[in-house]
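The structure under discussion appears below in the form of structure tokens.
The values are calculated or read from the model by the stated rules, or taken from the named source; none is laboratory data. Please read these numbers as outputs of a predicted model, since none were measured by experiment. A quick note on method: Cβ atoms are made from the backbone with ideal geometry, for glycine too, and the neighbour counts reach across all protein chains shown.
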Amino acid sequence: MRVVIAALSAPSSFNGVSRHAANLVRSLLSRPDAPQVHFLAGEWQREMFASAIARADSRLHVHWIPLRHSNFSRILWYHRELPAIAAQLDADVLHMTFPAPVRAEAHRCPTVVSLHDLYPFDIPVNFGFIHSEISRRLMRQCLTKIDAIACVSKFTESRLAACFSSEICQKAVTIPNSVEPMHGSACRALEPFRTGDTFVLCIAQHRQNKNLPFAIRVFARALDMHVLPRNAKLLILGIPGPDTLRVLTEIRNLNLGGRVVLRNGISEPELLWCYRNCAFLFAPSSIEGFGLPVVEALIAGCPVVCSDIPAFREVGGHRCRYVALNHDSTEEFLRAFKDTLAGPKSPCISMPELTPASIGGRYMELYLQLNGCPAVSQNGILQAPASEVRKVESPVS
């Protein structure tokens, strides 16, 4: 089987969508029944993806697309060029890692899209009035024309049901993001933390649903009330976005210029160092599609203090300190901070249901079903009937 994964998107630093794309590749290649994977990404994404999916594997073929780095160029590429590329690569399945324009009549193979959230409908302010309307139209077009919708959580699938017709929802299946323990050689502390100061970790793009200005206010209150040491810092990891100005304004108004550190584009060993050395992960989002940092933190043995929202409950279970977002949230978060700091060290946990091999198997089942092949399991290996197996030739450059 040949699977083409289209991952062209705007950011050149990791966000949730691009990390999903890398993890999808790793999940498929972790299987003994792995397909031939053709991974398509923009030239501007080369450095980001190269380290995340770099591996000597004859089943992986990476194609860097030389394209003008603009929203309009990417939309046109998905609409005009992608069908021809998928046909040239003789794809059995085309998997788009986020909703983008689909010309169903131009594709010779089944199409799949990963659906992370319904933000264009739930939080249009993230995009602005014009861009939110464009995003809604593009999502409607994609979900109408696509053959299968892979929702990253049950919550995302429930939002799909609330916003779209039953005909579209019948194409949906929930397949969570894969998450594996991070590996890496010993990493030095990030520059602002080499003095050993206590720090709170917050991983979030600068968008309204991440509640970063609120997080900064809670952090300032924790300093004032001596819940945190006076020299403590708040590290916010995430790419800039619509809320960046509000974040910077909050930092300035509260005189926290030396206490709140903004970073993005760190390596996996650096991220692992953050999880292992922070006081706890602080995630006060109002809505999420999945909650990848919560899962990564728990696997790394990092305590989690987060908002009480469905996506976090879905992945965190009983392992997190949850706080409802209401008029008393600040004081409740301070109590959760105190309890977490006074509690025992969190153990590293395993989540076998989210391992790459497990998630890769679920995607293989979906791909085989879309191709009309019953999934035949032999020792955990999903196989297509012999008549459906084709010889793989050299990849197209």
> Hey, among Arg136, Arg207, which residue is without any contact (Cβ under 8 Å) to a residue 40 or more places away in the chain and not polar (S, T, N, Q)?
Replying inline: Arg136
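Residue by residue, here is whether (1) among the β-branched types (Val, Ile, Thr); (2) touching a strand residue (DSSP E or B) at 6+ places or on another chain (Cβ under 7 Å); (3) over 30 Å from Cys142 (Cα atoms) holds:
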{"residue": "Ala162", "(1), (2), (3)": "no, no, no"}
{"residue": "Ala189", "(1), (2), (3)": "no, no, yes"}
{"residue": "Asp197", "(1), (2), (3)": "no, yes, yes"}
{"residue": "His206", "(1), (2), (3)": "no, no, no"}
{"residue": "Asn209", "(1), (2), (3)": "no, no, no"}
{"residue": "Pro213", "(1), (2), (3)": "no, no, yes"}
{"residue": "Ala220", "(1), (2), (3)": "no, no, yes"}
> Are any residues in the stretch 238-277 at pLDDT 95 or above, assigned to a loop (DSSP other than H, G, I, E, B) and loosely packed, with under 15 Cβ neighbours inside 10 Å, and if so, which ones?
Replying inline: Asn255
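A quick yes/no check of all residues on (1) of a type in the set (A, V, I, L, M); (2) over 17 Å from Pro356 (Cβ atoms):
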{"residue": "Ser9", "(1), (2)": "no, yes"}
{"residue": "His20", "(1), (2)": "no, no"}
{"residue": "Arg26", "(1), (2)": "no, no"}
{"residue": "Leu29", "(1), (2)": "yes, no"}
{"residue": "Pro35", "(1), (2)": "no, no"}
{"residue": "Trp44", "(1), (2)": "no, yes"}
>> Could you list, ordered by first residue, the pairs with Cβ atoms under 8 Å in which the first is in the stretch 1-27 and farther than 19 Å from Ser58 by Cα and the second is among the basic types (Lys, Arg) and buried (at least 22 other Cβ atoms within 10 Å of the Cβ), at least 6 apart or interchain?
In response: none
>> Is it the case, given these coordinates, that Glu314 is more than 27 Å from Ile251 (Cα to Cα), crowded, with 17+ Cβ neighbours inside 10 Å and acidic (Asp, Glu)?
In response: yes
> How many residues are closer than 26 Å to Thr156 by Cβ, in contact with a Ser or Thr (Cβ under 9 Å, 6 or more places away or on another chain) and in contact (Cβ under 8 Å) with a residue 60 or more places away in the chain when one looks only at the stretch 54-101?
Replying inline: 9
>> With the condition being of a type in the set (Gly, Ala, Ser) and either within 23 Å of the chain's Cα centre (by Cα) or more than 30 Å from Arg188 (Cβ to Cβ) (or both), I'd like the helices (runs of 4 or more DSSP H) fully within the stretch 278-373 carrying at least 3 qualifying residues.
In response: 356-370
>> Condition first: touching a residue at least 60 places away in the same chain (Cβ under 8 Å) and β-branched (Val, Ile, Thr). Now tell me which residues in the stretch 148-162 satisfy that.
In response: Val152, Thr156
>> Just to check your reading of the model, which residue among Arg136, Arg159 is touching a Pro at 6+ places or on another chain (Cβ under 7 Å), closer than 20 Å to Gln208 by Cβ and among the charged types (D, E, K, R)?
In response: Arg136
>> For a quick check of your reading: which strands (runs of 3 or more DSSP E) sit entirely within the stretch 112-231 and have at least 3 residues that are surrounded by 22 or more Cβ atoms within 10 Å (Cβ to Cβ) and touching a helix residue (DSSP H, G or I) at 6+ places or on another chain (Cβ under 9 Å)?
In response: 148-151, 199-203
